[in-house]
Structure formats: C-alpha cells, structure tokens
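The structure appears below as structure tokens.
The values are calculated or read from the model by the stated rules, or taken from the named source; none is laboratory data. Just so it is clear, the model here is predicted, and its values are computed rather than measured. Cβ coordinates were reconstructed from backbone atoms using ideal geometry, including for glycine residues, and neighbour counts include every protein chain displayed.
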Amino acid sequence: MKKGLLLLSTLLLVFGIIACDQLTTTIPTTEVPTTTTTAAGTTTSGGTTTTQGTTTTQPTTVPTTTTGVTTTVFSIALSGLTDAGFEEPKIYANQLFDLLDGVHAFGSDGVDYADRILLQSDDPACQIDEDGMLMSTGAKTCIITYTVVVNSKMARETRNVKISAAPITIEFVETDDIDNEVWLGTDWTAPELATWDGSVNTWHYWKASPAVFGTTGGVRVEGDKLIIVQEDLGGVGYGLQTMMLTDIALEAGRTYKITFTLTSTSDRYIDIVTKAPNNNYGLDTHSIIEILTGTFDYEMVFVANQAVLHMNIMTGVVETSVNVGTLEFSNFTLWEGPIVIDYEELPDFFTNADIAVDTMIDYITTTDADYVREFYYWDQSSGALMSGEIIEDGIEVVVLTQAVNDWGIQLQWNDMNKAGTKLIKDANYKLTFNVNSTVARILVVNITGSTNALPVSKTQSFDLVAGDNLIEIEFVSLYDYFFMKIMLGNYGDLVQTGTFTFTNLQLWQDVNAEEGEEPVDPGLVIGNVFGTVANVNDTPLGVESLDLGENYITHEIVEIPTDTFYLWYGIEATGWFTWAEYPTVTNRYIDKGVNLDIEAAGTEFWSIQLKYKGTGVLVKDIDYLFSFVVYAENARRINVQLKDAGFASAYIDANIDLVAGYNLVEIPFKGTDVATFNMQMNLGTFTPDSGEEGTLEFRNFVVSRPTQEVEGYVDNGDFATDAAFVAADAIGWALWTSEGVTEAWGLPNYIGTTVMAGGVITNTTTQTGGAIWACQIQYNSEIADMTVGAVYRIELDINSNVATQIAIELKNADNGLNQDTFVDLVAGDNHITLFYTATQEQFRLFIMPGLVAPGTILVIDNIQYFEPIIPEPVDPEEPEDPINYWPVENGIQNGNFDAVGFGVNVADSAWVSWTTLNESWATHQLDATFTVTDGAVVVDILGTGGQVWYIQLQYRPNDALLNVEPGKHYKIEFDVNATVAGTFSMEMSTTDNVANVAIPVTLVVGANHVVVEYVAYEENLKLTACLGLYGLATLTFDNFVISEEVTLGFDEVADGIQNGNFDAVGFGVNVADSGWTSWTTMGQSWASVQIDATFTVTDGAVVVETLGT
C-alpha cells in the first residue's frame, strides 16, 4: 500500500511540474465522440446522464485562447465501478476477484488508461496482488480505492466489494447400495399406489387426476430407464408422484447424495422427496431441481431422517413449472457423506475474570496443573522466543525468534482439573477462534491430553495469511477435560516471526452429547465420604436465612456453605405468618462434632434443622452406611433425611428413637443419581409435651461402605486367655505408661495397674498422667492387610466405675497420621463403636486412659474388628446349552394360508380376527380388515390407540392332533411384510388369559422374518398378533411354522473314517487305497510361496513336518 502511495505521489509531482510549461495546440474545432459502456444509474464526467445499456459520452471541450491559439484541457473519468458481491454471483473467501474486470479509465482523448489504475485498501485483510486480484480469507466488505492520473489529471472513486464466507463443501463417498439392475433392469409397467402390493424396490405412483396421464401417459421401466410420461401437471406440486420404498439402510442425521442421469423433453422443475417414517411430512426432505431439455447428470443432497430410503419423485407444479413431457431416469448412485452435528456453545468457556487485560502471560516453570484456565507458554529457549499479553477478548502473541523445531514454541491453555466446564469423553466438539497474523505462515493446533505421552484428540494445521484467519476444528474428545497447544514452531516458513492476535475463542459441544455412565468398580476403595468438616472448632454454627419477605427476621447465611454444619430454625414473624412457639436453641461446633441445647423445640418436627451440605462423591448403586454417635440428655425422636443437592426431595427419610445417653445411629442406603452427600436432621417437636428439649451431642460422622466382622482378627480379643503384656510396640497385646520415666517430658507420671485376667483387661489408675497418651493399652497386629483409604469399624465394651473420658487411637508409624477418638464413658456398661480410615496396612489400636482420675477402674472386653464389605465380582453365567428344535410338519393349521377356500373368520379355518369396533367400553373403537391375497393374510390397520390388544389376528385350532405339550419349548416362525415400520405384540395366549406370554416384535419396512420362542402352558396352542398400537399400516402375514424342542443324540459310526487310527498294515499317506493323501504348493509356479512338508506314519500316527510358511 505504501509503495502505491509513493508511486502516486511521484506521478503527481512529475506531471504537475511538466504541466506548468505545457500547452496543447488544438486545431480541430470538434472532437470525435467516444462510446463507453457503463452500469445503469451512474453519472460520468461531462455532465452526461447514463441510462441502461450503451451511452455515448461527449468529452467537454473548453476553448482557451493563449496568444491567439485555441487549446483543449485534458480530462479523465473512471467507469464500471459498480459494487460487487452483494448480489449473485457471490465472491467467496479465498477466491480471487479481478478488480479491473469491466473497469475503464477513458481520457478525453478517447484512450482507455485502465492499465494505469492504482488499487488500494486500508484493510490488511483485503489483499490485492500486482495483477489487480483481490482476496480475503474471511467474510469481509472491502472498500477499494481506484486512482488514475494521466496528463496531470486525476480521477478517484471507491468501490465496495463484499467477500462472503466460503461455502461449506461436503465430501461424499460413492456406495454400491443402489442396484440399478434391481431398480431398472426389468421392463414393466408401474402400478398405481392403490394396487401396489407393498414390495420393496418396485416403482409405483399416485396421480391427482386422470388428466395427468391423459391418453399417452404412464410410469414404466423400459430399457434400463425409469420413464415418466405425463400430459398434465395435476394442478399441485405433488400432482404426480413416482415412488419407491427401498431396502437401503440409511443412518439418521447423515448427509447423502443421489446422482442420476435424466433426459427431458422440456425445461421444468421437479422435487425429489425422501420420506420420513410414519408419514411425518414435516421431516420429509425436498430437493427441488431445475431440469433442462436434453440429457444431463443431476444430483440431490439430503440429510436422512429415516432408517431406510423411501423416495418420491414429484413432477407436478413444482416452482414455476408449466411444461410437461417425458422424463427418463437412469444410472442412480447413492453417495455417503458425513454425519451432520448440531453444536451449541459452552458459554464463557475460556473466560477467566481473575486475569486482567494487559497481563503478560507466564513461561511455564513448574507443571501444567499450576497454570489452569490461563494462557501460558513454553519454548525451547527458556522463554526467549516469544511473549504474550492478555487483551480484551483474547491474547496477543509476539514470536521474537524462530524456533529450531516445529514443537519449539507452544502457546497453551488447559482446564485439566475441570474447574470450568467438564467435557464428555467421546463426545463431538468444535473449537473456533480468530487469528490476526502479520505474516503468512503455518500454525498447528493440538487438542491433547495432560501429558505428552497421552494420545492426541485432534491435530490440524492451518496456512495463515497476513490478516484475519478464522480457525475451526472439529474433534472427538478423548478426555473429560480440555487441553490446547497452539504450535508456532519451525514449519519451514520463510518468515516465522510476527504478531499473532487470538480473539473470540469459543468451544462448542454436540447438542446430543450425553454423559455416559462410567462403569462402577465394585472393588472401589471408599473412604469417609462425609469428608473433612470446615467448621472452626469451638464456634457457633451459622444459621441459614429463609427469605419470607420484609416482615421476617433473617439470619446471616444466604448462600449455603459446603462441608459445613449449619442450622435453620423457625423465624419469628411480625406479619400474617406466626409461630405458635418460637424455637430456641444454642449451638456450638466442638471436637469434630455438634453440641445443641434445645430450650424450645417449636411446634413442628422440622422447626429445628441441622444441615450438612457435603462435597464427598457418592456412586450410584453402591451400598453405603451412614453412621454417627449422639449423646441425648433425654429420650426423644429425631428425623434424618438424605436429600438432593437443592435440599428439596429426600431419598432417605428415617425416624430414629434415641435413648437417654449414648446412641449409635446407622442408616444403610444405596447411591442414587444424587452425586454428593447432603444431610438434614429435623430436631423439632414430634410429640407435643413429650420433653423433646435438652442437649444433643453429635460425634463421629461416617459415610462409607457397610462392614462385616472378621472373626478372630484381634488375637485374644475376648481375653479368654490370661496373659502378660509384651513390650511396647511389640506384636500382640502390649502396654506402655509414663510411670518411671524420668522427667516424663515435664509432665506428671501416670501410675496404675493393667492386667489381662479373668476374661477381661482391668485398668486401675492411682495417679493421673500428664497427657492422654501417658497410659497406652496397645494391640499391634501381626497381620498387615488393611486397605489404605478404606474405612474400618471397631467395637468394644468398657465398664467404668465413674463417668470419665478416654481416647481410642488408630495408631500409625507416623505419629502425624494417628487418629484419636475421644470417648465419653458413663458409669457402668458402655458399648463403643468407632470408625477409622486406614492410613497404613498394619492394624494398631491404642486404648489411652492417661487423664482419668485416680481411682478410676476400667474393665475392657470383646474387641471386634470389622472390614468393609466389597462385593464379590459376579462370574458370568455359563451359557446354557442351546435348545434344539425340529419342525412339526403341518403343526400350524394352514400356516401358509393356501388352503382352498381359506379365509379369516371362515368356518374351520382356525384363523379369526377381533377388534374393538362397536365395543362401547373401549377407549378407542378400532377397526382393521383381514383379507387373503395370494396365499397370505393382509391386515389393513385402520386405527390406533388404547391398548395393544384392541386389534387381534388370532390362531385358535380345535384339532387335538395340533395340541402341544405343557412345559415344553416351542419356536414359532413366520413372515411379515410391513408398509410402515413399527412394533406389535406376538402373544402365546392361554385359556381365560391366566398365563399369557407377550413378546414385542419390531418390524422394518418391507420383508421381516420373525422368530419367537415359548414354553407351552397348556395343551391347546393359541397365538395372537396384537396390533392395536402399531399405527396405520398394511401388514402381510405368511408361512407360519412351529418347531418343537428335541434332544439330539449321536452314535458313533463304526469304521466311519477309513483307517482313522492309522494302524492298518502297510498304511501310508499317498499310498494306494489308504484314503489319506497330501498336497503342497511345491512345484506350483503360480503360487506366491512354494511350500513343502513331509508326511510320515510313526507308531500308528501321521506326523506332519512343515518346511515353510
């Protein structure tokens, strides 16, 4: 562009200087008119108005007198600069457009100076080459400036050229699905629709009136052509329809093309329709084709809405057709194209509000996981080859130095932790964005996995031009996350450095994409799904606000937090809504549990609600156990619900009756479609005046697999054998206290006695230690088979002479992973249930009474160990031996319907029909006709609805010879030809309908062979084809055959194989009369490989030694 401006300025300067000294002497008094063709509606110089067509333009002559000489001033005008591309013909992206075609620059001397026109555009996307050819890579309206300077006179005009997006081209693959020998190979006259027998691959027709054919018309196949002759169009577009129902399978949603040769005696339009199933006209496809007189090849493109090809050639008043005549079709070919995918945008997929405009992107120095949902880069020169900056709606990248390898510069963006939108594995996606490039070069986009070792979903290269480039990539995602690498390395381009601006990044997903259910591993390790509670220890719970309008007091929580205990309770009203009693409850989260003190429980059971919205993932169809401990001041009822994510509907609703004191609550449930654990406890009033106030202390919340006891896992767990304790941390029952430990870490020493005798462990404390761990009664298992991450259950009994608190710890080799549970004991018997998540394989349990008061006596007994129940993998059942059937000759009375005089409902035919016509009780009174044509029963279904049994074709034999054997297997086979695809019920009926067995049968259009198997219930065989819900159609039944179950046995044929044990005297392969010969390709010149082998008889066996392969 700059070069053009410089040349223009130079020309003006030169011509301007010369013009100062130049005078033109004019001798003629007139000039010869010049003729110029211009577009309608433009005005040329000289004041001449242009009309349509050819216009004569008279240049203006201005007489000038200089020293007695008359001169003429030179002038020049541009013409032919009409806007282009707005109407047909279109100009498409990536196509060249000649800017000088039809453009003129006539001077007043009659010379066309078009070769001196300079072309300019201020838009870099509008590229103009030295030959005046315009091209744009994307849709654009280019404003082109035309400038011409001759004899120091200049003409300049602008022109708008619209570049349209390039049309989408579809690649088709030719198939051999259409057999022209079947369609066109046999000469015959096509029948009218009313008399068509429903056969597939046969032409038939429908016409609006007799005038369509007149005296000469008709539809026939002759000489390998489909010939349609008509004298009238029939008054409507479908005035004549030539149809064929084929057996060619189509895939719904796939693009197809049919090509054919057509000879026509007139110019006209036709409409070729592909019919949708069940006469759903709204889903028919129409291909309107302009037909010219003569013989030409034509094509029609359609997206299938049906499972089989059903074609309808309409030759009525299509578009503006007025001509009739003869059409001859031949050479039909079906081509298969791609599946058409309808995408919808995943909104704001690339949006990251945390990264501000003008932020420089980072060079990766750690792992990709540290750069989620942001642009970053890598290059093979430690970040020196490129830089990038976030801009509005995208990123601007500068390649400073070219790389050595094609992978040497990578601009990356990932959402590998699915913080944004999770993708669906194996679903179709489309990535689109624009790249404005300062240079022409190659760019490659990889949709990949999170590491270089993983397969790539899609790699696609693009030849960028200087200017805007629309990038579009369709891919099937191999992963449930998105990871993109834009490669700007060395692909051999002459110029690789430059600025690349990426904007309008969008990710699109197939609208039909569905998340497939991941197969559930029945052996999946499940920890405590309840999760880690986020409440701060020793703080009150938040209280959820319930927005009932301005008349109500609201609480502080508006958005419900996750992994947090919180409350909702009745809100005092000042308006029309009031509580009969206002709930009063104080609360606190303490020691991994919740303490509540209910002073007033309200009037409803839901007046007070303790809620927990978890993030722990539940797996559908997995068995779980939700358990917790609650210490209740008073005996009372609580209600526990497991709810959906919105806390609306409950899939578990359990009432729990608590006793005063310790309660272990266990609620089994199975995973549903609810993906996370959400709990609501209703703690209000269940029974008025029942004393449901008081304190509740909730502890030890666990959601995991159910467990089962492993008997004998804890050695001497019932302490039936008296024994001494071993040294601390040794295998078995061990004891350690701080008694006698010098200084004891600055804490008081624990003093007491612990003995294992009399079937129990008895611990007596005489001096309290300085820490809970000052006394440790240890069990260290010699077995190391716990599954890390799984939840285990421990139960034991402790009798205490006083109320006190101890700790029970699941010990780990790393003290930082110890799990302590503080247990409040009442005076008397205590049964304790604890859950722990294994952090190592060895089981070590420490009972620690280090802080109990002097004089406390603990009696410990019955320690039990429970492991999670892992479902056993289900072995696939051994397939049953197939049932062998043998046809029963004439087992179905007149099963081929060819008996003389046979008819449905005819005496002694055994075949009868029944419909609900005239049955006043039926919701739908349906009818059908049952006729016998060419040895088959033709059922025309005239209505549909109600129940499947509202239309019946029945087989009811009364000959005892046709009886069957109850309990025996039978197979019924028959043929059905259907004009419309659908489903009916084939029923083995029984007397009084006590044990009917119905099997659904789905038919395709055309021929169907049906096989159904039954176990006979009674001797009299009754069959019923129930057609009430099939839909309007014609079904043709024929060839009913019954086969019965038989037991096959085999007897050996003595000497059935000649010398099968190879022990005959003198036997050898290739020996006369041995029956055994050999052959190889050795010596066979035609064989690609000549192979030999030896065949010898050794010890009564044939030994084959292969010498080649």
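Odds and ends about this structure:
- Being modelled with pLDDT under 85, assigned to a loop (DSSP other than H, G, I, E, B) and surrounded by 10 or more Cβ atoms within 10 Å (Cβ to Cβ) is a condition met by at least one residue of region 1067-1086.
- Residue match in region 774-784 (condition: out of contact with any Cys (no Cβ under 6 Å at 6 or more places or on another chain) and in a loop (DSSP other than H, G, I, E, B)): no
- Strands (runs of 3 or more DSSP E) within region 465-514 that include 2 or more residues touching a strand residue (DSSP E or B) at 6+ places or on another chain (Cβ under 9 Å), farther than 27 Å from Y343 by Cα and at pLDDT 95 or above: 498-510
- If you go through region 226-268 and keep only what is crowded, with 21+ Cβ neighbours inside 10 Å and within 30 Å of N512 (Cα to Cα), you end up with L245, T246, L250, Y256.
- Checked against (1) in a strand (DSSP E or B); (2) more than 55 Å from the chain's Cα centre (by Cα); (3) not charged (D, E, K, R), G850 passes all but condition (1).
- Filter result for G712 (free of Cβ contacts under 8 Å to residues at least 24 places away in the same chain, more than 21 Å from A807 (Cα to Cα) and surrounded by fewer than 16 Cβ atoms within 10 Å (Cβ to Cβ)): yes
- Filter result for the condition that a residue is without any contact (Cβ under 8 Å) to a residue 24 or more places away in the chain, among the hydrophobic types (A, V, I, L, M, F, W, C) and in the same structural domain as K257 (by TED's automatic domain parsing), over W183, W188, W196, W203: W196
- Residue list for region 481-518, restricted to those being more than 27 Å from the chain's Cα centre (by Cα) and farther than 15 Å from V398 by Cα: Y491, G492, D493, L494
- Selected residue (criterion: nearest to M484 (Cα to Cα)) from residues of region 427-460 that are among the charged types (D, E, K, R) and at pLDDT 90 or above: K458
- Taking the listed residues G855, G891, the one that is buried (at least 17 other Cβ atoms within 10 Å of the Cβ) and either modelled with pLDDT under 95 or not aliphatic (A, V, I, L, M) (or both) is G891, with no other qualifying.
- The set of residues in region 814-833 that are touching a strand residue (DSSP E or B) at 6+ places or on another chain (Cβ under 8 Å) and of a type in the set (A, V, I, L, M) comprises V823, L825, V826, A827, I832.
- For region 315-331, the set of residues classified as on the phi < 0 side of the Ramachandran plot and touching a helix residue (DSSP H, G or I) at 6+ places or on another chain (Cβ under 7 Å) consists of S330 only.
- For region 747-756, the criterion of being aromatic (F, W, Y), in contact with a Leu (Cβ under 7 Å, 6 or more places away or on another chain) and not in a strand (DSSP E or B) is met by no residue.
- In the condition set (1) under 29 Å from G498 (Cβ atoms); (2) in a loop (DSSP other than H, G, I, E, B); (3) among the β-branched types (V, I, T); (4) in contact with a strand residue (DSSP E or B) (Cβ under 9 Å, 6 or more places away or on another chain), V404 is compliant with all but (4).
- When residues of region 269-302 are limited to those that are buried (at least 17 other Cβ atoms within 10 Å of the Cβ) and touching a residue at least 40 places away in the same chain (Cβ under 8 Å), the one nearest to G1031 (Cα to Cα): P277
- Checklist (1) part of a strand (DSSP E or B); (2) more than 46 Å from the chain's Cα centre (by Cα); (3) among the charged types (D, E, K, R) applied to E1044, failing item: (2)
- Taking every residue in region 681-697 that is over 14 Å from E633 (Cβ atoms) and pairing it with any residue that is part of a strand (DSSP E or B), at least 6 positions away or on another chain, the pairs with Cβ-Cβ distances below 6 Å are M681/L610; M681/I638; M681/V640; N682/Q609; N682/N639; G684/I608; F686/R637.
- Strands (runs of 3 or more DSSP E) contained entirely in region 265-312, each with at least 1 residues that are among the aromatic types (F, W, Y): 268-274, 294-303
- Residue check, T603 modelled with pLDDT of 85 or more and part of a loop (DSSP other than H, G, I, E, B): no
- Residue match in region 971-980 (condition: surrounded by fewer than 16 Cβ atoms within 10 Å (Cβ to Cβ), of a type in the set (S, T, N, Q) and either touching a residue at least 12 places away in the same chain (Cβ under 8 Å) or within 14 Å of L1027 (Cα to Cα) (or both)): no
- Applying the criterion of being modelled with pLDDT of 85 or more and in a loop (DSSP other than H, G, I, E, B) to the residues of region 124-151, the residue that is nearest to V303 (Cα to Cα) is C126.
- Restricting region 160-195 to residues that are closer than 25 Å to L334 by Cα and in contact with a Leu (Cβ under 9 Å, 6 or more places away or on another chain), the residue that is surrounded by the fewest Cβ atoms within 10 Å (Cβ to Cβ) is D176.
- Reported count of residues in region 938-962, each being more than 45 Å from the chain's Cα centre (by Cα) and crowded, with 18+ Cβ neighbours inside 10 Å, is 3.
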